[in-house]
Each structure stands twice: as C-alpha cells, then as structure tokens.
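Participant: Dropping a structure here in structure tokens format, bear with me for questions.
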Amino acid sequence: MLFVTLFVFLILIVVAAVAARGLGSPAVAAQLRKIAFVVGGVVVVLMVLSTVTVIKAGHVGVVDLFGRVSGTTLKSGLQVVNPFARVVQMSIQTLEMKETMEVPSKEGLTIRIDISVLYHLDPEKAADVYRTVGEDFVGVILEPQFRSITRGVTASYEAKALYTSEREAVAKLILVDLKQLVESRGIVVESTPMRQLTLPTKITAAIEDKLSADQESQRMQFVLTKEKQEAERKRIEAQGVADFQRIVTDGISDKLLQWKGIEATQDLAKSSNAKIVIIGNSKNGLPLVLGDVK
C-alpha cells in the first residue's frame, strides 16, 4: 500500500541522514542532510494525504482493513480513512443489465427475448454485499436469478399472449419475482422492460393472420350495425310519411272540397286577370277556368 511504502521510504531517509554525519566532509554531510530533510518533508506530506480519500459521486466506500469489513460505508465526497485500510468504491447509481435469451412458452415453443433489468445497489447494505458476495454481485446474484425467473414466467404464457397484450403483464411479474429474491441481498430492482420479442416466422405469420381476421370481423360487425341503424331510420321515416298521409286523407271530405272551391271562386272573381269562369256546370259545382280573354 502507498502509506506503507512511504513510511518505509521515510525510515530510509532518516537512516541516510544519520549516516551522513559520519562522512569526512562536514559540507557534504550538511548538504545531504538538507536533501534528506526536504525529501522527508515531501514524504510526510504524501503520508498525510494518503489518509484522505475521495469517494466519487454516485458511489459509496467500503472500508476493508486487512480483511475486516467495516459495517459503516463512506458517503461521496472527501473522507479521512485509516491509512492501512483499503477503500473499495461501489456504485449506487441506476445501472442497466441487458439480456438476450432463448425462453420457452406454454406450448413448448422457443422464443427469443431481449429484456433489461434496471437496478442499483442499496447503499445501506453495500458493506454486507461486499462481505458476503464481493464486488461482482451482478454476475453472482442478479444475472442468474434474472435469467431463471424470466424463463419460469414465460413458460406459463402462450406465445400469442407474449406477442400481443400480455407483454406488460409478463414484465411486471418478472419484476415482482425478481424483487423478492434479490432485494434482501441488497440489490434494488427498479424495472424489467421487455425490449423485443421474436417468435418463429411461421408462428408470427399465423398470429398476424388471426389478428387481421379479428380486425376484419370487428369491421364487418360495425358495418352491419350501421346498416341496421340506417334501415331502422328509414323505416321510422316511412312510417311517419304513412301516418301523415293517413291523417290528411281522413281529414278531407266532400264538403271541405266544396268550401275550398268556393274560396277559390271568390279569389278568381277578385282577380284583375280577365278569365271565363263557369260556375255550377260540374258535378260538385266547382268553378271551371277556360282561359284568358284577349
């Protein structure tokens, strides 16, 4: 370690300074002592600086003193530590692990799936993770558990469901199961988005054909419903016309027609147009208009 190296170097400088006193020339001895003093001062400063460490943003420091891990982690920033201890910095930022795997479906089909897991290390459990698992906790805990759970969840769903509406449900179920297994070990899982799912070509074509047929069936159902509504509208309209004609027909009588004829005769008589009007010749006595008189 740096501190130990500097400490040994400082001892060697002190020994050299003491040995310089035995030299024959006092001037040379004095010059060597000055050099040893300057170098020793620099070494002391470096030794002091070696007790200070900087924890990067988004990280915590785990203190390992000769194999004994401190339960208290160091926060980001400038920290004073035991110069004999080793500080291991572990990221607590959100990280993404991408996986591309072949998974089974309920029917036994093999599906290619591209899926990710977003996670971060629990800062309060970083020391426990380092002590029990080590720095490669992703490869030891998260990765194998993620693969196992993903395969187990997809095996309970049909390929059609994975390809269409159930993708979000599958991703949520993977997230719940993964959380139950790894969060107690200090790994916080945020989400498990499914990026892409690829089925065998024939299966994909069959599913797309069925979806297309379903869409066409729904379209035809809409057309039939619309036509039925239009037919009902026309029936109601025709019924209204028939009702109007029946009411009008029932309301017309011979006496009403005669009265209307008399009113028309009176209007013709008052008109300034010269016409020949014959009254009373017809069966019902209505006026007969022959034409204009020139």
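The values are calculated or read from the model by the stated rules, or taken from the named source; none is laboratory data. Because the structure is predicted, anything quoted here is derived from the model rather than measured. Methodologically, a virtual Cβ is constructed for each residue, glycine included, from the backbone with ideal geometry; neighbour enumeration extends over all protein chains shown.
Participant: Taking the conditions exactly as written (at positive phi and either loosely packed, with under 14 Cβ neighbours inside 10 Å or in the same structural domain as residue 65 (by TED's automatic domain parsing) (or both)), does residue 108 satisfy them or not?
Facilitator: Working: at positive phi: yes; either loosely packed, with under 14 Cβ neighbours inside 10 Å or in the same structural domain as residue 65 (by TED's automatic domain parsing) (or both): yes.
Answer is yes for this residue.
Participant: Is it true that residue 211 is farther than 30 Å from residue 105 by Cα, surrounded by 10 or more Cβ atoms within 10 Å (Cβ to Cβ) and modelled with pLDDT under 75?
Facilitator: On the way: farther than 30 Å from residue 105 by Cα: no; surrounded by 10 or more Cβ atoms within 10 Å (Cβ to Cβ): yes; modelled with pLDDT under 75: yes.
Against the criterion (farther than 30 Å from residue 105 by Cα, surrounded by 10 or more Cβ atoms within 10 Å (Cβ to Cβ) and modelled with pLDDT under 75), residue 211 does not qualify.
Participant: Oh, and also: Before we move on, is residue 106 of a type outside the set (A, V, I, L, M, F, W, C), under 29 Å from residue 61 (Cα atoms) and outside any strand (DSSP E or B)?
Facilitator: When the stated conditions are applied, residue 106 does not pass them.
Participant: Within region 196-206, is there a residue that is modelled with pLDDT under 75 and of a type in the set (D, E, K, R)?
Facilitator: The answer is yes; a qualifying residue exists.
Participant: Any chance region 116-129 includes a residue that's without any contact (Cβ under 8 Å) to a residue 60 or more places away in the chain, surrounded by 18 or more Cβ atoms within 10 Å (Cβ to Cβ) and more than 12 Å from residue 188 (Cβ to Cβ)?
Facilitator: no
Participant: Where the second residue is surrounded by fewer than 14 Cβ atoms within 10 Å (Cβ to Cβ) and at pLDDT below 90 and the first is more than 17 Å from residue 130 (Cα to Cα) and lies in region 42-68, which pairs have Cβ atoms under 7 Å and are six or more apart or on separate chains?
Facilitator: From residues that are more than 17 Å from residue 130 (Cα to Cα), the pairs are 50/2; 51/80; 52/78; 52/80; 54/78.
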